[in-house]
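Written out below as structure tokens is the structure these notes cover.
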Amino acid sequence: MNRVNIREQVSNFIALFVIQLPMLYRITLLDRAFGFFYIGFLILLPFRLSRSYLLVAGFFAGLIVDMFSNTPGIHAGACVFVMYIRDLWLKIVVDDTEDLTNINYISIKKTGFILYAFPLVLVHHLVIFLVENGGLYLFVNLITKTILSALFSFIIIFVLNYLIVPKPRRQ
């Protein structure tokens, strides 16, 4: 089993948040889809981490975004919820998690990556927009905003993952 490289995870965290925070509400698509791609850092954390570490990482990542976006605990709550269900969802979607350490589009294949990451991004966005909206008021607007934002964020996460993850060498 491979060990988790803490330095690499910290540098990924810093790089992603340095990119995300200045552009948090500036990256929009059709004034409906918001790019919260910082969630990609959390859902792509290595698989063998303890649940308590995942929850704490989710809380602090969300708290940092909350501080810069002036949303009192909305992102922190959404991130903690996603981190709570993350490993269970991965075990449901991916058949063999025995040898799985790193989660990326190569280790769980592209379809597995889509089936794993997109629902988590969708749940994250749904929690954020439900709390921000104050409930199910204007339901169609809420669902439209959630789906478009989740698609937009997922595309950014997938492209970043594709660019960052080293390709396996052919033998």
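Compared with the direct C-alpha span, the chain from residue 85 to residue 32 gains 16.4 nm at full extension, assuming 0.36 nm per residue. Here is the list for the stretch 134-166: chymotrypsin sites (Phe, Trp or Tyr not before Pro) lying in DSSP coil, each with at most 10 other C-beta atoms within 10 angstrom of its C-beta, are 137.
Coordinate-derived values only; no laboratory data. Values in this document were obtained by computation on a predicted structure and should not be read as measured data. Neighbour counts run over all protein chains shown; Cβ positions are idealised from the backbone, glycine included.
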